[in-house]
Structures are given as structure tokens and as C-alpha cells.
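Notes follow once the structure below has been shown.
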Amino acid sequence: MSENIADLSGNTLFEFRVRQAILAAQHSTNQVGLIMIDFDHPENGPTNGQGAALEFSEKMFLRLRGALRESDTVIHMDGGRMAALLPSIGNADDVLLVVNKILSKFDKPLTLQDSKVQVPPRIGIALFPEHSTNAATLMERADSALIAAKRANKNYVLYSENQSRPKRNHLKMSELRQAIVADEIFLLYQPKIDLRTERITGLEVLARWQHPKLGIISPDEFIPVAERTGLIIPLTLWVLHEALLQHRSWKKIGIDVSVAVNLSMWNLDSQELPNQIHGLLEKLGIPADNLELEITESAIMGDPQAAMRTLRRIRDLGVKFSIDDFGTGYSSLAYLKKLPVTGMKIDKSFVQNMEQDRDNAIIVRSIVDLGHNLGLKVIAEGVETYEAKEMLTDFGCDVGQGYYFSRPIPATQATTLLTKPEGMSLQNLLSSGGVSQAAVRSLNGRNGKVAER
Ligand code: C2E
Ligand code: CA
Ligand code: CA
């Protein structure tokens, strides 16, 4: 970084500061918050004329400054907007606390040239690394969120991908085919934790696409393209092969964990899949029960008869199955009983906010009981907090998976977790820097979720 700070204009200096905050945050588990603020035109009151406009802007600036910490940077931006940089925050909730503080500062009317004016601010928020790992993009994202707040007539909006994400309908089949050949697809591993022993019982394999121009693309975007074009078949075989190779490497150093691969509906249509899986397991010398497959209810319900046949043939090899996203499909309990599955994964939408949402807690508890009554192992995904983990343990849920334990991580970092000293908790290992969660978050791409009011 060669710029001389003295030469920089306000906006550029601010971007420079954002960049520095990002660099610092990359070496910690902290996030960086970026807030853009604009004000609606006051309905009553004199803000026309240079004098009034300046006075207005200065007073607003002071109010904003007063809501923030000494270590936060606040500037006037072009077009009458203001921006605030929070260089070190714990998580999205922290930034929302700050936003509420800002809003309360602007609650009272402002005296402007002897008139009282009420000026509600509009606020857009973006976070590093969740919404971008690049300073300029992060500023654009905070701006998109600000525009979204104005459009929706909300006080504030946290950036979410669909506000400005360029539509990637143009993700092409040729590009995806090329990606598989050119090694642009890579795998992350997310631990599944036995809630009783708090040990890792297995790892779910989650695919990412490192696109040469578009950066990291999430599977939610490219799996549908793969499904539409039939590429899902070679892609799944590639994922299975990679995951089993990784499993074998772990076994060689004495780590025995199962790996879980996601299947799509189209895989179940494929008559060859059972033989292909059998061939892979034989070739690599891996016992079938070290492989687990995850399949959603809706994938099975597409063509239940055909799916059931394929599932049975794979099950007969000794491979285990879990039903994924349980609770979101049109669960047919009659089919559920017949399915050759060993596990049931409760969808994260029920788990994520079960501490606050009593209905969801009841649903989760009921699914745990249902699963157990059917003789299945119950896994909860989307465990994000200590409280959720405790509730699930109370409910007798068998396995937990989610950001509270670990995000999806590269195999090398998974090895660190898998070889952690006896007695050291995952949380200790994560917070001691053994696994860099900031780096991991950027590998996972953006997880933009809207939180607005
Ligand atoms: P899924 O199978 O339901 O995987 C769980 C998703 O939730 C993953 O998203 C994971 O990163 C995310 N997640 C895990 N813990 C938490 C948490 O605590 N909170 C929140 N908010 N999210 C959490 P990801 O990796 O983006 O994958 C999305 C979906 O793409 C997967 O959903 C799966 O259906 C599909 N997918 C991923 N890899 C493959 C693959 O190799 N083949 C197929 N067919 N589908 C795949
Ligand atoms: Ca899954
Ligand atoms: Ca899921």
C-alpha cells in the first residue's frame, strides 16, 4: 500500500481506512462494519440555501459522531451522505446495536434556524467478511443496502446478496464443465458433532466453485445449473471421489471419520449410481459404512418409486443415508417409514432461532422424538449459538452441526480439528487461532441474510 495519506481526498482516505480495517480483521475473528447514512428531506423546515444545508449537515454529523466510539471513523460522503466505519465488531448483532444507538440519537427533532425539524435517517449496513472481502465492494454493498432501506421505507437494512448481486443466469454449462476439468471446484468440510461427547463424528462435504472472474460461487447457485444441464452426474462423481480420497488420507494418519456427500434428485434417477459408488469404494478400499449420503425429502418425492429403488441398492452396499432439510418438504410419514435411511437432519430454519422462537423449539423437539421413534439418528443443522446447542442436548438430539461449532473449512483445517488434543474443546481451538475463522468465512462466500425493520 503506497498511498501517502496526506494526498488522499475524504472518500479515498475513508476507503483506505476500510482497507486497513479489513487487513487487521483478517488476522482475527472480528468483523468490520460499514454504515452508510442518508437523511430524508425534512417535511417542514428550512434546509434550502447553503447556510441551512451546511448547518443541517454539521448538526447531523455531530449526532452521528456522538453515537459512535472514538475508534470508529465517520466522514461526510458525496451527495450529502455520511459513512461510519466500525473497525472491530464481534458479529452482526453488535452492528445492529450500534445502529439502534444511532437511531435513538436522531429521535429528537433538530433545531435549524429557529425551526424544529424531524429528520429520520436511512441506514445501509455491510459487513466484512460476510458481504465482501474488498473495501470498495464493501462500500458499494453498504450503499445498495441504503438504497434498499429507502425503497422499503425502513430505518435500516443489512445488505443481502439479492439487493445487488449480478444475476448469474449466465453461468454457463460450458463454464461449469470446464470448471470440473480445470479444478475450479473445491470442497469444504463441515464437522458434525456428537452432542453427548462433543467429538466430531463425521464431516459433511460442501462444494464451492472458484470462478476465475466471479470469485467464489456458492453451490446454491451452481448446483441448479448442474442439475439443469445433466452435469450434476459427473460433478457428483467427482465430489464422491475427492471426498473418499480425503477420507482415505485421514485414515492413513489414524483419523476415522465418515464423510457425508449431498445427492441431488437427478442422482437418484441414475441407474448407474449404485454401481459407480460400489466401484469407487472398491477401488479406494473404503468400507461402505464410512460413506454417508444426504438427500432431501423433495428429491425423493420427485419420483418416489425410482428413488426408492436406487436408495435401496445403495443402502444394500452398506452406505448410510440421511434425509436432509427435514421439515421443509411435504413430508410423507408413510414414505418416511419405508425409506432406507439411518439419519434425519432437521432443517436449519427451525434450529437457527429456536432460542427465541418457541414454536420452532417445539417443532425441533417433536422432530427429535419422531426421528428416535423411527429408530433414526437425529442431526440438527444450523446450530449457531451455545443456547441452541444446550437446548438440542436437552431434547436428546444426537448430533449438531453449525457455525457455533465450525463453518465449513478446508481439509487441512479439518485435520487440525480432528487431531486436537484430548480435552481441548472445539471452541478453544477455534478461538486460539488454530483455525482462522476469518479466512474460512471468505472461503464460504457471502452469506448475506436480510435483517431489517
Ligand atoms: P445443505 O446440504 O442443507 O448444507 C447446509 C448448508 O448450510 C451449507 O451451505 C452450510 O454452509 C450452511 N450452514 C452450515 N451451518 C450453518 C449455520 O450454522 N448457519 C447457517 N446460516 N448456515 C449454515 P452451502 O455450503 O452454501 O450449501 C448449500 C447447499 O448446496 C447445501 O445445503 C446442499 O444442498 C448443496 N450442495 C453443496 N455441495 C453439494 C454437492 O456437492 N452436491 C450437491 N448435489 N449439492 C450440494
Ligand atoms: Ca446436506
Ligand atoms: Ca439443509
| request: Starting from the exponent 0.38 and prefactor 2.2 Å, build the expected Rg for the stretch 212-324 from its residue count and divide its actual Cα Rg by it. | output: 1.09
| note | Of all GluC sites (Glu not before Pro) in the stretch 42-144, the ones in DSSP coil with at most 13 other Cβ atoms within 10 Å are Glu43, Glu70
| query | Over the stretch 243-307, how many percent of alpha carbon pairs lie in each 10 Å bin up to the one with the longest distance? | reply | 20, 46, 26, 8, 0
| field | the stretch 282-356-the stretch 52-122 distance, computed between alpha-carbon centres (Å) | value | 50
| field | Candidates per GluC sites (Glu not before Pro) in the stretch 327-423, loop by DSSP, up to 16 other Cβ within 10 Å | value | Glu355, Glu422
| message | Bins of 5 Å, beginning at zero and ending with the bin holding the largest distance: percent of Cα pairs per bin for the stretch 293-417, please. | response | 2, 11, 20, 21, 18, 14, 10, 4, 0
| task | Kindly identify the stretch 119-278 as rounded, prolate or oblate by the Cα gyration tensor criterion: order the square roots of the eigenvalues as a ≥ b ≥ c, call it rounded if a/c is under 1.5, otherwise compare a/b with b/c, prolate if a/b is larger, else oblate. | result | prolate
| query | When the helix-only estimate is applied to the chain (DSSP H runs of n ≥ 4, each -39,500 (n - 2.57), divided by the residue count), what is the mean residue ellipticity at 222 nm, nearest 500 deg cm²/dmol? | reply | -13500 deg cm²/dmol
| query | Placing +1 at every Lys and Arg Cβ and -1 at every Asp and Glu Cβ, with all other atoms neutral, what dipole size does the stretch 193-313 have around its Cα centre, in debye to the nearest 20? | reply | 360
| task | Show the residues, 5+ positions off or on another chain, whose built amide H is closer than 5 Å to the amide H of Ala260. | result | Leu203, Glu204, Val205, Glu292
| Kirkwood-based Rg to Rh ratio, the stretch 77-191, C-alpha trace | 1.13
| query | Straight-line reach from Lys116: which lysines have Cα under 17 Å away, leaving out those fewer than 8 places along the same chain? | reply | Lys59, Lys105, Lys108
| query | For the chain, what are the per-bin percents of Cα-Cα distances with bins 10 Å wide, up to the bin holding the maximum? | reply | 4, 18, 26, 24, 15, 9, 4, 1, 0
| request: For the pairs Lys251/Lys338; Lys192/Lys420; Lys154/Lys213; Lys101/Lys192, note any where the Cα-Cα span goes beyond 27 Å. | output: Lys251/Lys338; Lys154/Lys213; Lys101/Lys192
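Throughout, read-outs are computed from the coordinates displayed, never taken from laboratory work. All values derive from a computational prediction rather than experimental measurement. In this analysis, Cβ positions are derived from the backbone assuming ideal geometry, glycine residues included, and neighbour counts consider all displayed protein chains.
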